[in-house]
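Notes for the one structure printed next.
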Amino acid sequence: MIKIRNIIWLYLALLCHIAMAQSLPRFDIPFEMNGRQLAFPLAGGLNCPQLSAVDLNDDGILDLHVFDRVGNVQLTFLSDGARYHYAPEYVQYFPPVRDWMMLRDYNGDGILDIFANSDVVTLDGVMVYTGFYQNGHIAFRRVTFNWFYDVLSIPLSSGNRTQLYVSRIDYPAIDDVDCDGDLDILSFNIAGGYVEFFANRSIERGFGRDSLIFELADRCWGGFFESGITEVVDLASEFGACFRNIDEATVRHAGSTLLTLDINNNGRKDLIIGDLSFDNLNLLYNAGTCQKAWMNAQDNDFPSNDVSVNLPTFPTPFFLDLTHDGKKDLAVAPNAPQISEDRSVIWLYENVGTNELPRFVLRRQNFLSGDMIDVGTGAHPVFVDYNADGLMDLVVGNYGMYRANGLPMSRLFLFENVGTTTQPQFKLVDDDYLNMSVFSQNTYNFAPCFGDLDGDGDLDILVGEDLGRLFYAENIAGPGKPFVFGPWQYNYADIDVGIASTPWIADINRDGLPDLLIGERNGNINYFQNIGTPDNPQFQSNPAVLPNTERFGRIDARTPGLIAGYSAPVVLDLASGYHLVTGTELGRIEIYKDLEVNIYESANTITEQFGDVLEGARSRAAFADLDGDGRLEMVIGNMRGGLSAFKTELPADRSTATPDLSASWQVQIFPNPAAEQIHVRVTELAPKRLQLFNSASQLVAQEQWIGSDFSLVIKHLPPGVYIARVQAGSKSTTAKVLIIR
């Protein structure tokens, strides 16, 4: 018996290890918003996207690559010649980058290459990857340079070299500016007022387009000066001049975006500029030559022939075909994380002219993002059956939505599961669930969770917020009924964990009373032990005073070198005990076990990167068995305000528990299936406890008794599969219970 049991446990441990180590497959779920099915709802949202055309699968059709500087996330979309399809499987072939990137063909082989911000944290510069195809997909190889750093460099008059400077805040222009056939670079200087022209001398030196040989050819390209104080750019009065002495210019704010295109087909590159201080784009017309630009006119309401760009804040222009008609369109997106528009983030202007003489007309203000679940900035998902129909619904709190004046507009979004037990489908039924937006004048960053705090058999709600305190509302509906909440109470139990409280409710010490785990910005997890009674929860408000602890399980969601961790705990009650899953600042999903015995000591780490999932900064996970296969699906929220979903091998119930084969006690639960009540018979003499959990591992009922038999009324519970955990003294076992009607 003991050998068989050990083999089973070894198998389960091996299965768990395999599940933790492998990459998780994505899980597609239909979502409906405003009467429309979303094309790619679980692509993860967008905040500050940067768009590039690229042939991902070597089929001769240009697809779409999107880099979002919020979380440094890349998204890939295949084109069928008429529309885009989300294709995240191609992201793995791109190198990790940060802050900015674009795809350009520098060597003329017809394959897009990568220009991106330096991977040296302290160095603002440009690294390059050469693109090539293998096995039917694009891939990239880092270009190395004969310099201390593997970034583009330029010579100095002293004979030394320095990096080709591009601010990590900016977005440069990379184009053939001087009409010689190779790619040059335009970037604002380090002071931020003048554009510097870095000429590529590859062709002039006989290398064709294969080399990247740059020199600073013009410190005042175009002759203009952008002050950042006014939307109007200061222009030079004559060809060859520079607006005032460049060496006398004062340092202004950093933050500008650039796009070159020949908008009037005169053979010279004009320039579109976005600025950190403004919501518009400014088009500068080039009256000079290829070799010497001179901007002598401007349109600071570009495009003035149609709806002008008015996109808060710091707009970035892109020039590529997005309407699949062979003509390059104009796309505009914000570029300032957490202070920009964060839902309608890609304004698509269709080119109704030609590539030679483009003319732009606004068609959409939410291109791509309008087909995603995107709640603005930040997403905190949690599953709960709010309407008692037996299907797990989805509540999503957000960090906030952009508001020009004041704090971000934070609220809860309710997505009702209108599918079946095997085929989930969600529909947005309330974009301000429980009217929480009324509090967003004073706080934001709402992180919800549900649990039976007051022991009355229904699930109450706690919501964390950016100031570190808690909102609480009691569910007064009763067991098995659609939620009805009483009034909101702010500053619940006087708890304050600092910044960005992210709560979870679970009976951590197994004493029959629900305790609180609260994540926070610092990356630790606060444990508040319930010192009250089943119907009157009480908590010591100071997390540093026993029986509380600020360092539950010694868990730290921070990455070494970072001061923020943004822990976001979720507790799963599995066969082998509690498992804690937490999101992190950098987007990893971490899992820990043996929590019950390590409240004040170090919990055992299962993995610090579950399933190789990295969906963006400030991840928050939610779990439920959505397709009835006995395994949990995982939905992840991120700082871009979007969601992603994955299949996992984590069991949805405790029926996989290995029984204690050496025990002399017996447990019977009957009838099973049951409709009205279940009877529990236990031979052990010790005091007993029964806990009943639904398919989302939420406690829906519990009772304690002394004696052999006990009956539990279950007629108020929705039909479905439940797990009963029976404890008698130090012994416990679990069984699956089917409730029918």
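The values are calculated or read from the model by the stated rules, or taken from the named source; none is laboratory data. Here the structure is a predicted model, which means the values were calculated and not measured. As a convention, Cβ positions derive from the backbone with ideal geometry for all residues, glycine included, and neighbour counts pool all protein chains shown. Keep in mind that these areas ignore ligands, DNA and RNA; they rest on the heavy atoms of the full protein, side chains included. Shrake-Rupley method; radii C 1.70, N 1.55, O 1.52, S 1.80 Å.
For the range 275-289, the tally of residues that are in a loop (DSSP other than H, G, I, E, B) and at pLDDT 95 or above stands at 5.
Specify the residue that is most open to solvent (accessible area, probe 1.4 Å); the eligible residues are those in the range 495-508 that are part of a loop (DSSP other than H, G, I, E, B) and touching a residue at least 40 places away in the same chain (Cβ under 8 Å). Within the range 495-508, the match that is most open to solvent (accessible area, probe 1.4 Å) is 496. Among the residues of the range 118-141, none qualifies, meaning not one is surrounded by fewer than 22 Cβ atoms within 10 Å (Cβ to Cβ), under 30 Å from residue 223 (Cβ atoms), more than 34 Å from the chain's Cα centre (by Cα) and aliphatic (A, V, I, L, M).
Among the residues here, residue 415 qualifies as more than 21 Å from residue 335 (Cα to Cα), of a type outside the set (A, V, I, L, M) and buried (at least 24 other Cβ atoms within 10 Å of the Cβ). In a residue-by-residue description of the range 172-179, the property of being more than 30 Å from the chain's Cα centre (by Cα), under 17 Å from residue 291 (Cα atoms) and open to solvent by 40 Å² or more (accessible area, probe 1.4 Å) applies to at least one position. Going by what's in this entry, would residue 114 be described as closer than 18 Å to residue 203 by Cβ, open to solvent by less than 10 Å² (accessible area, probe 1.4 Å) and in a strand (DSSP E or B)? So residue 114 does not fit the description; no. I'd like to check something: does the range 284-298 contain any residue that is touching a residue at least 60 places away in the same chain (Cβ under 8 Å), open to solvent by less than 50 Å² (accessible area, probe 1.4 Å) and closer than 17 Å to residue 316 by Cα? Checked against the condition, which is being touching a residue at least 60 places away in the same chain (Cβ under 8 Å), open to solvent by less than 50 Å² (accessible area, probe 1.4 Å) and closer than 17 Å to residue 316 by Cα, the range 284-298 yields at least one hit.
Note on the range 453-471: residues that are within 13 Å of residue 519 (Cβ to Cβ) and assigned to a strand (DSSP E or B) amount to 3. So residue 368 ticks every box in (1) open to solvent by less than 20 Å² (accessible area, probe 1.4 Å); (2) under 30 Å from residue 268 (Cβ atoms) but one. Which box is left unticked? With (1) open to solvent by less than 20 Å² (accessible area, probe 1.4 Å); (2) under 30 Å from residue 268 (Cβ atoms) applied to residue 368, the lone miss is (2). Exactly one residue among 585, 590, 615 is surrounded by 18 or more Cβ atoms within 10 Å (Cβ to Cβ), in a strand (DSSP E or B), charged (D, E, K, R) and in contact (Cβ under 8 Å) with a residue 24 or more places away in the chain, and that residue is 590.
Mind counting the residues in the range 299-317 that are in a strand (DSSP E or B), in contact with a strand residue (DSSP E or B) (Cβ under 8 Å, 6 or more places away or on another chain) and without any contact (Cβ under 8 Å) to a residue 40 or more places away in the chain? Here the count works out to 2.
The condition of being open to solvent by 30 Å² or more (accessible area, probe 1.4 Å), within 25 Å of residue 718 (Cα to Cα) and of a type in the set (Asp, Glu) holds for only one of 511, 431, 452, that being 452.
In the range 198-207, which residues are surrounded by fewer than 22 Cβ atoms within 10 Å (Cβ to Cβ) and either touching a strand residue (DSSP E or B) at 6+ places or on another chain (Cβ under 7 Å) or part of a strand (DSSP E or B) (or both)? 199, 201 - these are the residues of the range 198-207 that are surrounded by fewer than 22 Cβ atoms within 10 Å (Cβ to Cβ) and either touching a strand residue (DSSP E or B) at 6+ places or on another chain (Cβ under 7 Å) or part of a strand (DSSP E or B) (or both). Filtering 66, 97 for residues that are of a type in the set (A, V, I, L, M), open to solvent by less than 20 Å² (accessible area, probe 1.4 Å), touching a strand residue (DSSP E or B) at 6+ places or on another chain (Cβ under 6 Å) and part of a loop (DSSP other than H, G, I, E, B) leaves a single hit, 97. Report, by residue number, each residue of the range 217-249 that is assigned to a loop (DSSP other than H, G, I, E, B) and of a type in the set (Val, Ile, Thr). Once the filter is applied, which keeps residues that are assigned to a loop (DSSP other than H, G, I, E, B) and of a type in the set (Val, Ile, Thr), the range 217-249 yields 229, 230, 232, 233. Contact annotation: residue pairs with Cβ atoms under 9 Å, 6 or more positions apart or on different chains, pairing a residue in the range 75-86 that is open to solvent by 40 Å² or more (accessible area, probe 1.4 Å) with a partner that is among the polar types (S, T, N, Q), are 85/79; 86/76. Pairs linking a residue in the range 437-465 that is more than 16 Å from residue 486 (Cα to Cα) to a residue that is outside any helix (DSSP H, G or I) and basic (Lys, Arg), with Cβ atoms under 7 Å and 6 or more positions apart or on different chains, are 437/411; 440/411; 446/411.
Screening residue 169 with (1) open to solvent by 10 Å² or more (accessible area, probe 1.4 Å); (2) in contact (Cβ under 8 Å) with a residue 60 or more places away in the chain; (3) touching a strand residue (DSSP E or B) at 6+ places or on another chain (Cβ under 6 Å); (4) over 18 Å from residue 105 (Cβ atoms) gives one miss only, at (3). Filter the range 515-573 down to the residues that are closer than 17 Å to residue 618 by Cβ, open to solvent by less than 40 Å² (accessible area, probe 1.4 Å) and assigned to a loop (DSSP other than H, G, I, E, B) and list them by number. Scanning the range 515-573 gives 520, 523, 524, 555, 557, 559, 564, 565, 566, 567. What about residue 174, is it within 24 Å of residue 48 (Cβ to Cβ) and at pLDDT below 95? Judged against the criteria, residue 174 is not a match. Filter the range 692-713 for residues that are part of a loop (DSSP other than H, G, I, E, B) and under 25 Å from residue 508 (Cα atoms) and give the result. Within the range 692-713, 694, 695, 696, 697, 698, 706 qualify.
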